[in-house]
Amino acid sequence: MINPLKKIGAQFLDWADTVGGLVVMMGRVFANAAPWKLDGPQVWRSLYRIGVNSFPIVVVTALLTGAIMVIQAGMFIQKYGAYGLLGWGAGYSILREVGPILIGLMFSGRVGANTTAELGTMKITDQVDALRALAIDPVRYLVVPRVISMVFMLLVLVIIGDFAALFGGAITGQLLLGVDWKLFVWSIIEYIKLEDFTHGLWKALVFGYSIGIISCYFGMRTSGGAMGVGRAVNASVVGSAIAIFVFDYFITYAMH
Amino acid sequence: MAAKTTQNPSVEVDEESPGAVQNFLAGLGGPIVALYATLRDMVRILGLTFYYIINGKWGARRRRDILLQMYEVGNRSIVFIAVTLGFLGMILIFQAGFQANRITGDLSLLGALFLQLLLREFAPTITAMMLATRVGTGMAAQLGSMVVTEQVDALRMSGAQPVDYLVVPRFVAALIMMVVLTVFAIIVSFIAGAITANAFYGVNPRTFVDFRMLTWFDLWIGLAKAVAYGIAVPITACQAGLSVVGGSEGVGLATTNAVVNASLAVIVLDFLISGIGYAILSIL
Amino acid sequence: MIRVENISKSHLGRPVLRDISFVVEDGSNLGLIGPGGSGKTVLLKIICGLIRPDSGKIFINDVDVMSLKETELAELRKGLGMLFQNYALFDDMTVSENIAFPLRQAGTASEEEIQGLVKGLLQEIGLPTAAEKYPNELSGGMKKRVSFARAVIHQPPILFYDDPTAGLDPVTSSKIFRLLTQMKAEHGTTSITVSHDIDGIKEICENFVMLERGELIFYGSREEIEATDIKFVRQFWDASSDDELG
C-alpha cells in the first residue's frame, strides 16, 4: 500500500523539480537577453541553421495538414451542401488551432529534439564545463541565441505554414471535392477575420518560447552517456508536446 | 559495389572546383538521395519484420519481450496521452461550441459531431504523434546505443538476427498498444469535451453523449489509421536506431530522426487514409 | 583456413583498407598489429561478414563469405567466435544468459548441457559466483572474461580477438592472454588477434600482419618480423622510437 504512494510522491517531486528548473532557466534567459548582452554571431548562426533545417519539413507538414482538414471538413460539408463554408471551416481551424499545433509539434520534433541532442552531447563531453572554465556563461552563449531563434523562427514558420496549409487546402478542395478554389478563397476572405490569423501567431510565439526553454533545459541537464542523451531528447519532446497543448488551451480560453 | 583501388596515392588527380549550379544540385540532391536510402531501409526492415513474425523464433523469450515492450509503450505513456488528449478535447469543444453558438445557436449535435471527428481524425492521429515522440525516441535511443556498443554485432555473431530479435517484439507491442491507446484517447478526450461543453455552454451531458451519428465508416477509418500508425511508428523509430553511425552524437541524431520521420509518416498516412476514406464515402 | 583476397574498403570517400591479402592456415594464430586507425577492427569485421568490403573476397574453409545470405551467415558463425573490443555484452541479460546466448540461438544443446557448460566456463575464467550478475555490475576485466566465455562456449574452431586487453591493467591483461594461450593449446583453434600489446601477442601468435593507414606493410612469421629491415615495423615491434613525433 505504501509503495504506490511512494511512487506517486516521488513522481510529484520529480515534476516539481523539473518545473522549478524550467522557471530558473527562464529567469536566466531573461537576464541574459538584454540586447547588449546578446551574442550576435551565435544568434545569426542559430537562425540560419534552424531555418534551413525546419523549412522543408514544416512546409510539407502544412500542405498535408491543410489537405487533411479540407477532407475532414469536406465530409461534413457534402452532407449539408454548404460548399461556401469550406474555406471558412478549414481556414478557421487551421489558422487558430491545427496550424500552430501541428507546426509546433513538427518544430519540436525537428528543432527541439536536435537542440537537446546537441546541447546534451556537449554536456556529456564536458564542452559546457570547458566554456565555464573560460569564464563564458553557457546560458548566454548557448541557450539565449537558441531560444531567441526558435521564437522568431517558429513565428515565421507558422506564418508561412498557414499560407501553405490554406494553399494545400485549396488544391485539395478543387481536386478532390470539386470545390472551385476561387470559392474557397472567397470563403476565407469573407468569413475569416484578421484576429483568427493573429490568434494563431500568439500561439506560435508562446510555443516557440516553450520549446526553446524546454529543449535547452533538458539538453543542459543531460547526464549518463549516450543513453542519457536519448532520455533527454525524450523528455524534451514530451515536455514540449504537453506545453503546446496546455498553453493552446489557455490561450484559446483567454482570447475569447 | 564499385571497386576502389588506390594503389598509387602519389598520382595527381586534376579536379575543377564545382560551380554554383553543381553545388545547388548537390545541395538538393543530397537530401533526396538520403531520403530515398532511408525509405528503402525502412521498407527492408518492414519486410524483414513481417518475415520474422511468420518465420521467426516464437517462444517464451519472445512473449516476454513483447510484454516488456507493451509495458514500455503503454503503461508509461498513459498519463502523457491523457493530458494531451484531454486538453485537445477541451480546446476543440471550446472552439466548436463558440462558433456553433455564434452561427446557429444550436448545440444539440455538438457531442455527436465531436465524436465522429475524434474517431476519424484527431484521436488516432494525435495519439500517434504523441507516441511517435515518446516511444520513437525511446526505441531509437535503445537500439542506437546497442549499435554503438557493438551489441548488435554480437547478436549477429551469436546467430541471432537483429530484426528478428529486436524489432519484432517492439513492432508487435507498438501495434497493439497504438490501438489500445487510441481507444483510451477517444474516451479521455470525449469526457474532457463533455465537461467543457457543460461548463462553458451548459450542454447537458446526456445531450452531448450521442452515438446516433456514428457509422461503421467512422470506426473503420479510425481503426485503419491506428493500425497504419502502429506499423509506421515502430518501424521508423527502429530504422533510425539501427542506422546509427558515429558514437554518442550518432545516438542523439538517431532519436531526432526517429521523431521527425515517425511524425511525418503519421501525417502522410493520415492524408492518404483520409483521402481514400473520403473517396469511398463519395462512392457509397 | 581463412583466405583474405584483395580486400578494399572506403568510408565516406576515405580509404580504410587498401588491397589486403593474406592467409591463415588451420591451427595457426595470426597477430594483426598496427597504429590506431589503421583499419584492423574493420578488417576483422569484414572477415566475419559483419561489414561488406568495397571489393575483394573472403574465404572461410573455402566458403565465399560475401556470397552468403544472413541466414547462411548465421550457420557459418556457429563455427566462429568473436571477442569484441568493448565487450558488447547484452545489458539486459545476466552473465550466464550472456554466455549461454550463442548456444541457445543454435538450439542444438539441451538446457542441462547448456547450464553445465556455462558453469564450467565460469570456473575456467575465474568467475564462479558471477552467474546471476548483470554486466553493469562487473569491472572491465570481468566483462572481458565474460565476453571471452561467450565467444568460446559453442567451441568454435576459429576465433577472433579484437584488442582483448584494451584498457586493462597488467595483471588482468596477463590473465586474459593466459586464457587465449590455453584455448590454443587445448583446442588447436585458428585465431586472428588484434592487439597493441606486443609482448602479449608475441606469446600466442606465430604469424603477423601489420597495417598502416589501411595498407599491408608486413606479412610474415615471427622470425621474419624480428629480423625485418622495414623501419616503421621495427619501431613498432620493439616499441621504441628514436625519431621525433609524427
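Laid out as a table, the results:
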| read-out | value |
| --- | --- |
| Cβ-based charge dipole, the protein assembly as shown, positive-most Cα from A:Phe207, C:Val209, C:Pro157 | A:Phe207 |
| Per-residue [θ]222 nm for the protein assembly as shown (sum of -39500 (n - 2.57) over DSSP H runs n ≥ 4, rounded to 500) | -22000 deg cm²/dmol |
| At q = 0.10, 0.16, 0.18 Å⁻¹, base-10 log of I(q)/I(0) for region A:52-254 (Debye sum, equal scatterers on each alpha carbon) | -0.48, -0.93, -1.09 |
| Trypsin sites (Lys or Arg not before Pro) restricted to DSSP loop in region A:175-219 with at most 13 other C-beta within 10 Å | A:Lys193 |
| Rounded FRET efficiency, nearest 0.05, which uses the C-beta distance separating C:Ala106 from C:Thr129 and R0 of 25 Å | 0.40 |
| Whole-number percent relative contact order across chain B, with pairs defined as alpha carbons under 8 Å at least 6 apart | 29 percent |
| Gaussian network model of chain B, Cα within-10 Å springs - most flexible of B:Thr149, B:Thr215, B:Thr104 | B:Thr104 |
| Spatial separation of Cα centroids for region B:154-176 and region A:91-109, in angstrom | 36 Å |
| Debye, to nearest 20: dipole size of region C:78-237, +1 on Lys, Arg Cβ, -1 on Asp, Glu Cβ | 60 debye |
| Selection from C:Leu73, C:Pro135, C:Ile47, by position along the positive dipole direction of region C:1-149 (Cβ) | C:Ile47 |
| Rg and Dmax [Cα atoms of region C:125-166; Å; Rg one decimal, Dmax integer] | 11.0, 31 |
| Spin-label model distance (nm) - C:Arg52 vs C:Arg234, 7 Å beyond Cα toward Cβ | 4.4 nm |
| At least 30 Å along the helix axis (C-alpha) and Kyte average at least 1.6, DSSP helices within chain A | A:144-172 |
| Qualifying chymotrypsin sites (Phe, Trp or Tyr not before Pro) in region B:175-284, DSSP loop, other Cβ atoms within 10 Å at most 14 | B:Phe211 |
| Within region C:16-60, backbone nitrogen closer than 15 Å to the virtual label 7 Å beyond the Cα of C:Ser67 toward Cβ | C:56-60 |
| Amide H within-cut-off set for C:His11, under 5 Å, with H built and near neighbours excluded | C:Val16 |
| Reference-scaled alpha-carbon Rg (2.2 N^0.38 Å with N residues) for region C:1-146 | 1.20 |
| Under-5 Å amide H pairs with C:Lys133, H placed in peptide plane, nonlocal only | C:Val95, C:Ser96 |
| Within-10-Å neighbourhood charge of A:Gly104 [Cβ basis; K, R +1; D, E -1] | 0 |
| Residue-wise HN-Hα coupling along region A:129-135, computed from phi with Karplus coefficients 6.51, -1.76, 1.60 (Hz; x: Gly, Pro) | 4, 4, 4, 4, 4, 8, 6 |
| Net charge contributed by nearby residues that have their C-beta within less than 11 Å of B:Arg134 (K/R +1, D/E -1) | 0 |
| Cα pair count fraction exceeding 15 Å, expressed as % - region A:7-75 | 75 percent |
| Expected-Rg normalisation [2.2 N^0.38 Å, Cα atoms] applied to chain B | 1.26 |
| Among C:Asn207, C:Asn136, C:Asn29, residue whose mean-square fluctuation peaks in a GNM of chain C (springs only between Cα atoms under 10 Å) | C:Asn136 |
| Between region B:60-109 and region A:179-210, the Cα center-to-center distance that results, in Å | 25 Å |
| When each of C:Lys175/C:Lys202; C:Lys40/C:Lys202; C:Lys9/C:Lys40; C:Lys69/C:Lys144; C:Lys40/C:Lys175; C:Lys119/C:Lys143 is checked by Cα-Cα distance, pairs over 19 Å | C:Lys69/C:Lys144; C:Lys40/C:Lys175 |
| Farthest positive-ward along chain A dipole, Cα basis, beta-carbon charges - from A:Gly9, A:Val156, A:Thr115 | A:Gly9 |
| Segment B:Val268-B:Leu284, length gained on full extension (0.36 nm per residue, minus Cα span) | 3.3 nm |
| GNM flexibility winner over chain B from B:Gln151, B:Gln99, B:Gln142 (Cα, springs under 10 Å) | B:Gln99 |
| Size of electric dipole in the protein assembly as shown: Cβ of Lys, Arg +1 and of Asp, Glu -1, about Cα centre, debye, nearest 20 | 2560 debye |
| 10 Å Cβ neighbours from other chains, averaged over peptide A:118-127 | 2 |
| From phi via Karplus (6.51, -1.76, 1.60), per-residue ³J(HN,Hα) for region C:98-112 in Hz, x at Gly/Pro | 4, 5, 6, 3, x, 5, 5, 5, 5, x, 9, 9, 7, 4, 4 |
| Excluding exposed DSSP-loop GluC sites (Glu not before Pro) (at most 15 other C-beta within 10 Å), longest clean stretch of chain B | B:17-284 |
| Calculated on alpha-carbon atoms, Rg and Dmax of the protein assembly as shown in Å | 30.3, 100 |
| Hits among aspartates and glutamates - C-alpha to C-alpha of A:Lys123 under 18 Å, sequence gap 8 or more where chains match | A:Asp137, B:Glu249 |
| Under 10 Å, Cβ to Cβ, from C:Leu211 - net charge with Lys/Arg +1 and Asp/Glu -1 | +1 |
| Backbone HN-Hα couplings from phi across region C:169-183 [Karplus 6.51/-1.76/1.60, Hz, Gly and Pro as x] | 6, x, 5, 4, 4, 5, 4, 4, 5, 5, 4, 5, 4, 4, 4 |
| Projected-area average for chain C over all orientations - Cα convex hull basis, square nanometres | 14.1 nm² |
| Only Lys, Arg (+1) and Asp, Glu (-1) charged, at Cβ; region A:52-254 dipole about Cα centre in debye | 280 debye |
| At R0 = 41 Å, FRET efficiency that the Cβ-Cβ distance of B:Arg102 and B:Ile54 yields, to 0.05 | 0.15 |
| Cβ-derived FRET efficiency at R0 51 Å, B:Val33 paired with B:Asp210, nearest 0.05 | 0.45 |
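No value in this document is a laboratory result; all are computed from the given coordinates. None of the values given here were measured: they were computed from a predicted structure. Reconstructed Cβ throughout: ideal geometry from the backbone, glycine too, with neighbour counts over all protein chains shown.
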